[in-house]
Amino acid sequence: MVAAIAARAVESGFVVGQGTSAAVEGSWPYAPVVEALGDLCRRHPGLLDGLRVEHRQEIDRALAGAELTWSGASSHQRLFVAATELVRLAAASTGVLLTVDDVHEADDASLRLLHYLARSTRDQRVCLVLAHRPAPSAGALADTRRSLLERHGAAEIELGPLGPADVAALVQRIVARPTPELLEQITALGRGIPFAVSELARRAAGEPKRLPALDVAMIRGVPTATREVLQRVAVLGISFDTDEFVALSGLAEDEAFEHLDIALGALMIERGQSGYRFRHQLVRDALLDPVPPLRRRRIHADAAHRLIELGASAARIGHHLRESGGGVEAVPYLLRAAETEAAVGAYRDALALIEALRPDAVGAHRATALALRADLLNALGDPMATTAYREALVAAEPTAVRRLRVRLAHSAVMSGDLETTAAALAGLDADGTADDADILLARGKYAYFSSDFPTAQAIVDRAQRLVLTTEPDWKVLDLVALQGLLAHRTGQWFGQMRRELHRTRDNPEIANTVYDGYLCAAEFMLYGPTPYAEVIDVARDLQLTARRSGALRAEAFAAALIGEAALLSGDLDRAMSALTEARDLHHDLGSTGGEAHSLQRLAELHLVRGDAETAQRLLWQALPLARDSVVGRHLLQRIFGTLVLAADDPHEARALVDRAEATIGWDDACAFCSIMLAVPAAIACARAGDLVSARNHLEAARRSAEIWRGTSWEAGLAEAEAAVAAEAGDVATATRRLRAAAEIFDRTGQPRDAQRCREALARP
């Protein structure tokens, strides 16, 4: 059916990409989707030329299927975004059809990418056709199907077995005048499967007096020697190239090609996109089913060692070694495969590999496996990550202990386990090595969250030297942000800003780091008790001083701060002027983070004025800028939060929540900024009737709100609680929380938001 749909799509002018989840055993993560995208690029090679450089690099990396190392950071978002941009580009002029067959065999990572593509291209001329055998009632495929069918406009076409009339029509294409007895036999043996019916009819046409059994029909007509060669090749998967065929055959090249020609002539295999493939999975099954377990293990062992000679991927080699029973021998290969999967965000698949190899891992391999397992659990947000880091520390090599202790501290402090954080950090201090920023950040967070503000201040003072001497990254920026929060807490925030202005005005790179780092601290002040008029006055003074000093980055920062304060207080004209100036200044300075931030606030302004279309356009413009900036982990959450608010209807808003979750990596989380997505996400899920997801996002908002005490985000949390209560039918709680939200918004000087809550109270 998939092939027929693809053929009709080509006739209609659509561009087509085809993939299958049964292609190669032990293949690269996302393999079926990458295969479909690769087919799309082969058919239309000019597509890649239209992509941005970073998107093309990501697609090229996926198509190459190279092994990767993992630092512990999430990077799969880049592939998700690049794949979506490629499909959007292909759909711009005609339409795109992507087909993936045998989805029941797809890995978790492929299902997540397919889910993301389906959600992200709903507004494009894009059709995804996913074919699978009867779906399970639980598991990743069941969850994906349920989500696409219930929330994302998917349609299900259930194909049952061919009926007697259809079987007869199919047989008559091959056998001129089939007898009723032949039709009855083929109907019974073929079980209504089109390929099986055709195969049986073809055999019956050649041997009209004898109809072989189905499995015999699949592989009939080839010599025993050829069948044995094909059985060895079949362990690779449904697809293979000539080098693999020759290697797995164990024969000289000329002799191997003779068997290949025989198999082609017998229609057991056919030419594929980049080599050969069995005509159908049923052919491969018919070859492998009669192979005894002991012989199959030997075939896998032989396949593994021949793939090693060919320089195949660690994933494929490890798969065959494991299937051969060589668990210990498979460990180093499976470890490399797991690291590659982790590097592209296939965390659950990588974790499954680690769990499979753990019983056989010893020594250094065991230490590596346990450390990787802990990092994977941390990436998945699993509460067992802290326990996993403890286990990894017991087995760790001395050189890895320091790094693991720091990661244990980060995991524990983010889960609120301050006792474990203190134990992990005991004796650890910055010593000029690569872990310094990690250690200082963990120590600073521990001191801040345990209310030891003098120690936190001493730590961020040390962090100043990092700003001056290291490459800025999110760890350094978080330390700068902590410095800003401490300055704000003591009422010295603006004084701190003036000092930074004079200290950094002659060094644009350091200025960028400082002002990007103060992003969270500024937001904390904007939503706190400081009157907006005071914020605007002091920010204007900072702006004028920066302008006289020629410190354009500080001037742009001040302009954005003025615009944000004006927007929140309801002075929309001043907000438009200041935010437009901030956007233009940041653009001219090449500050992608500042430009994205200004665009997001401008989008909020247009949303307030009722222009959702312009707001959405600005947000989609801001999104790639935010991803490319060092402050992306702070900006992505607020951009997606505003996109959810700007959605045209509850179902689109709910879809955007899913898209945000798939795009934002575990290490993009910011304890402060997460509330800016969690609140609108909880409201959107509640309004779409998804109370389970709404309560999950509400819980995330509550955790973040602990840090935002005394600010208007307490009102945002109350508004989200009201939405969830209303959907649950608890009118009294919804009313009470909406009133509380309106009162807090009034108290913090946000009349527009207070009015929105009162209007909601007035509605039934």
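For the reader, a short list of remarks on this structure follows.
- For beta carbons closer than 8 Å, sequence separation of 6+ or different chains, a first residue in segment 142-157 that is basic (Lys, Arg) and a second that is part of a helix (DSSP H, G or I), the qualifying pairs are Arg151/His651; Arg151/Arg654; Arg151/Ala655; Arg151/Asp658.
- The set of residues in segment 82-114 being under 15 Å from Glu35 (Cα atoms), surrounded by 20 or more Cβ atoms within 10 Å (Cβ to Cβ), within 20 Å of the chain's Cα centre (by Cα) and among the charged types (D, E, K, R) consists of Asp107 alone.
- Of the listed requirements (1) farther than 29 Å from Ala342 by Cβ; (2) out of contact with any Asp or Glu (no Cβ under 7 Å at 6 or more places or on another chain); (3) not in a loop (DSSP other than H, G, I, E, B), Arg703 misses just one: (1).
- Scanning segment 543-578 for residues that are over 21 Å from Leu482 (Cβ atoms), at pLDDT below 90 and assigned to a helix (DSSP H, G or I) gives Gln543, Leu544, Thr545, Ala546, Arg547, Arg548, Ser549, Leu552, Glu555, Ala556, Ala558.
- Scanning segment 612-637 for residues that are of a type in the set (D, E, K, R) and assigned to a helix (DSSP H, G or I), we see that the one that is farthest from the chain's Cα centre (by Cα) is Glu613.
- With a requirement of 1 or more residues that are of a type in the set (A, V, I, L, M, F, W, C) and farther than 30 Å from Ala109 by Cα, the helices (runs of 4 or more DSSP H) lying completely within segment 128-196 that satisfy it span 164-172, 180-190.
- Residue satisfying condition, being out of contact with any Leu (no Cβ under 9 Å at 6 or more places or on another chain) and more than 24 Å from Arg322 (Cα to Cα), within set Arg407, Arg402, Arg366, Arg390: Arg407
- Test: Leu418 is surrounded by fewer than 17 Cβ atoms within 10 Å (Cβ to Cβ) and out of contact with any Leu (no Cβ under 9 Å at 6 or more places or on another chain): yes
- Within segment 331-349, being of a type in the set (A, V, I, L, M), in a helix (DSSP H, G or I) and either in the same structural domain as Glu391 (by TED's automatic domain parsing) or touching a Ser or Thr at 6+ places or on another chain (Cβ under 8 Å) (or both) holds for Leu335, Ala337, Ala343.
- Among the residues of segment 288-346, those identified as under 29 Å from Arg112 (Cα atoms) and of a type in the set (Lys, Arg) are Arg316, Arg322, Arg336.
- Which listed residue is buried (at least 23 other Cβ atoms within 10 Å of the Cβ) and of a type in the set (S, T, N, Q), from Thr748, Thr733: Thr748
- Among the criteria (1) surrounded by 22 or more Cβ atoms within 10 Å (Cβ to Cβ); (2) out of contact with any Gly (no Cβ under 8 Å at 6 or more places or on another chain), the one Ala533 does not fulfil is (1).
- Selection of segment 228-249 for residues being surrounded by fewer than 19 Cβ atoms within 10 Å (Cβ to Cβ) and modelled with pLDDT of 85 or more yields Glu228, Thr242, Asp243.
- Residue-level analysis places Ala62 outside the set of residues that are under 19 Å from the mean Cα position of the chain (by Cα) and under 19 Å from Thr121 (Cα atoms).
- Yes/no for Val100 being touching a Gly at 6+ places or on another chain (Cβ under 7 Å), at pLDDT 80 or above and not in a helix (DSSP H, G or I): yes
- Just one of the listed residues (Arg348, Arg322) is within 30 Å of Ala131 (Cβ to Cβ), charged (D, E, K, R) and surrounded by fewer than 19 Cβ atoms within 10 Å (Cβ to Cβ), and it is Arg348.
- Some residue of segment 127-138 being modelled with pLDDT of 80 or more, of a type in the set (D, E, K, R), exposed (fewer than 13 other Cβ atoms within 10 Å of the Cβ) and closer than 30 Å to Ala342 by Cα: yes
- Single condition His651 does not satisfy, out of (1) within 25 Å of Gln755 (Cβ to Cβ); (2) out of contact with any Leu (no Cβ under 6 Å at 6 or more places or on another chain): (1)
- From the list Ala356, Ala385, Ala396, the lone residue that is without any contact (Cβ under 8 Å) to a residue 40 or more places away in the chain, crowded, with 23+ Cβ neighbours inside 10 Å and among the hydrophobic types (A, V, I, L, M, F, W, C) is Ala385.
- Beta carbons closer than 7 Å, at least 6 apart along the sequence or on distinct chains, pair a first residue in segment 737-764 that is without any contact (Cβ under 8 Å) to a residue 60 or more places away in the chain and over 17 Å from Leu607 (Cα atoms) with a second that is in a helix (DSSP H, G or I) and of a type in the set (Asp, Glu) for Arg737/Glu721; Leu738/Glu719; Ala741/Glu719; Ile744/Glu714; Phe745/Asp753.
- Residues of segment 136-164 satisfying the condition of being of a type in the set (A, V, I, L, M, F, W, C) and closer than 30 Å to Leu183 by Cα: Ile157, Leu159, Leu162
- Checking Ala356, Ala312, Ala364 one by one, the residue that is part of a loop (DSSP other than H, G, I, E, B) and either over 20 Å from the mean Cα position of the chain (by Cα) or modelled with pLDDT of 90 or more (or both) is Ala312 and no other.
- Sole residue being more than 25 Å from Ala342 (Cα to Cα) and charged (D, E, K, R), chosen from Glu391, Glu397, Glu419: Glu419
- Per-region count, segment 667-689, residues under 19 Å from Ala646 (Cα atoms) and either in a loop (DSSP other than H, G, I, E, B) or not charged (D, E, K, R) (or both): 16
- A residue that is hydroxyl-bearing (Ser, Thr, Tyr) and either out of contact with any helix residue (DSSP H, G or I) (no Cβ under 6 Å at 6 or more places or on another chain) or assigned to a helix (DSSP H, G or I) (or both) occurs somewhere in segment 656-663.
- Scanning segment 704-746 for residues that are basic (Lys, Arg) and modelled with pLDDT under 90 yields one hit, Arg709.
- Total residues in segment 225-284, condition assigned to a helix (DSSP H, G or I) and polar (S, T, N, Q): 5
- From the list Ala671, Ala662, Ala760, Ala701, the one residue that fits, being touching a Lys or Arg at 6+ places or on another chain (Cβ under 7 Å) and modelled with pLDDT under 95, is Ala662.
The values are calculated or read from the model by the stated rules, or taken from the named source; none is laboratory data. It should be emphasised that the depicted structure is a prediction, and the values quoted were computed from it without experimental measurement. Please note: Cβ atoms are built from the backbone with ideal geometry, for glycine as well, and neighbour counts cover all protein chains shown.
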